[in-house]
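To start, the structure itself, in structure tokens.
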Amino acid sequence: TIKTIQVESNNQRFSVKSNILYENREDGSTKQAIAFAISSTARTVEILAGTEKIGDCAFCKASNLSSVTFPESLVTIGMDAFYNSGLRELRLPDSLTTIGDSAFADCHNIVEVTIPDSVTTLGQYTF
């Protein structure tokens, strides 16, 4: 299992911050969080401002992860994005419109979730 993710410094398409692999736009800003080093000991992470999507299975099986801070730019959480992770807290931003299938399935430590009015698509087996 991966403990750290690195990207060469001259790579303009991808970047890493706090063991989260991001896809960047042409201007260098973050577009999408696409992977997390699931063996990381990090218990909390903050998704970079400007990120619009968390990709499919990006944080799945990240058992050490208990809390994620989402940016107000987040629009989509992909399929299985946090499947079987250790999340305990879940505060979804008002910018969110889509939560994919099984995005938070098997997250047995989550006690309460408030789905913002902005969400228009909720996948199957989301929780």
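The values are calculated or read from the model by the stated rules, or taken from the named source; none is laboratory data. Note that the structure is predicted; figures quoted are calculated from it, not measured. Here the Cβ positions follow ideal geometry from the backbone for every residue, glycine too, while neighbour counts run over all protein chains shown. Surface accessibility is based on the protein's heavy atoms, side chains included, excluding ligands, DNA and RNA. Shrake-Rupley method; radii C 1.70, N 1.55, O 1.52, S 1.80 Å.
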Q) Using beta carbons and a limit of 9 Å, which pairs, at least six apart or on different chains, have the first residue in the stretch 53-68 and on the phi > 0 side of the Ramachandran plot and the second one modelled with pLDDT under 95 and surrounded by fewer than 22 Cβ atoms within 10 Å (Cβ to Cβ)? A) LYS61/THR1; LYS61/ILE38
Q: Scan the stretch 99-110 and give yes if some residue there is closer than 15 Å to THR69 by Cβ, surrounded by 15 or more Cβ atoms within 10 Å (Cβ to Cβ), of a type in the set (Phe, Trp, Tyr) and at pLDDT 95 or above, otherwise no.
A: no
**Q.** Residues located in the stretch 87-120, provided they are under 14 Å from the mean Cα position of the chain (by Cα), assigned to a loop (DSSP other than H, G, I, E, B) and polar (S, T, N, Q)
**A.** SER102
Q: Name every residue in the stretch 1-20 that is in contact (Cβ under 8 Å) with a residue 24 or more places away in the chain and not in a loop (DSSP other than H, G, I, E, B), in order of residue number.
A: LYS17, ILE20
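One line per residue, one yes/no per condition, for (1) at pLDDT below 90; (2) more than 22 Å from HIS108 (Cα to Cα); (3) among the hydroxyl-bearing types (Ser, Thr, Tyr):
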| residue | (1), (2), (3) |
| --- | --- |
| GLU8 | no, yes, no |
| PHE14 | no, yes, no |
| TYR22 | no, yes, yes |
| ILE54 | no, no, no |
| ALA58 | no, no, no |
Q) Filter the stretch 75-98 for residues that are open to solvent by 40 Å² or more (accessible area, probe 1.4 Å) and at pLDDT below 95; which is nearest to LYS53 (Cα to Cα)? A) ARG91
Q.
Looking at ILE38, ILE34 in this structure, which one is in contact with a strand residue (DSSP E or B) (Cβ under 8 Å, 6 or more places away or on another chain) and crowded, with 17+ Cβ neighbours inside 10 Å?
A. ILE34
